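Working notes for the structure below.
The values are calculated or read from the model by the stated rules, or taken from the named source; none is laboratory data. Because the structure is a prediction, the values reported are computed rather than measured. Cβ atoms come from the backbone with ideal geometry, glycine included; neighbour counts cover every protein chain shown.
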Amino acid sequence: MKKLYLILLLGIIFVQLAVPFKMMYDRERVLKNGTRFSFKTRPIDPADPFQGRFVRLQLKDSHCTIPEDRTEDFRRKQKMYATIRVHEDGYAHFTAAGKEVPDSPHFLKTRTRGGFSKLDDAQYNVRIQIPFDRFYMEEGKAPRAEKLAIDAARKGDCWVDVRILNGRAVIEDVYVEGESIRALSRVAQ
């Protein structure tokens, strides 16, 4: 009986260690092998007492265009895939939405936020949830980063670089006026 408890205990310990390591491995794999996309942002910096300081990133374009006859396909909080394309301005934009994995290698697995806005007689925009809307920082650096990001956002010169692989997204860095927010907040202290 003691042997069974020991095996069970070792199994529980293994699972408790394996889960966080798998999460870290997946995140690092996306950062190493994912395609980099830059999205224009409008940052806000709140503090979360349980998760620490972070810069909230609000994308300027957080919607996909869909035909009018497909609005029934997208309900609130429904799983979807948003295709990504880099426009002439060098920034990524969501170009299409679907319930199935797209043929394009550049897509984001996400959910709808509900609500449609009509573009014209045949096209609608569907709002999507952005899974990379928080950039966590050290407690001491976050207030300085917040000020830099807000000032840059007012000038329209703030963006986030995101690595995307197989629909998963990981923030690589946030840029303010062309410089990394990590480096800028470090220098200012």
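Quick check on my filter: what residues within region 139-167 are assigned to a strand (DSSP E or B) and out of contact with any Asp or Glu (no Cβ under 7 Å at 6 or more places or on another chain)? Once the filter is applied, which keeps residues that are assigned to a strand (DSSP E or B) and out of contact with any Asp or Glu (no Cβ under 7 Å at 6 or more places or on another chain), region 139-167 yields Cys158, Trp159, Val160, Ile164, Leu165, Gly167.
Checking the condition among the basic types (Lys, Arg) and in contact with a Cys (Cβ under 9 Å, 6 or more places away or on another chain), which residue from Arg127, Arg163, Arg154, Arg168 passes? Every option except Arg127 fails the conditions. Of note, Val160 satisfies the criterion of being modelled with pLDDT of 80 or more, crowded, with 16+ Cβ neighbours inside 10 Å and not charged (D, E, K, R). Listed conditions (1) outside the structural domain of Ser180 (by TED's automatic domain parsing); (2) at pLDDT below 80; (3) closer than 28 Å to Cys158 by Cα are all met by Met80, apart from (2). Residues that are closer than 17 Å to Cys64 by Cα, modelled with pLDDT under 85 and buried (at least 20 other Cβ atoms within 10 Å of the Cβ) within region 125-146 comprise just one, Val126.
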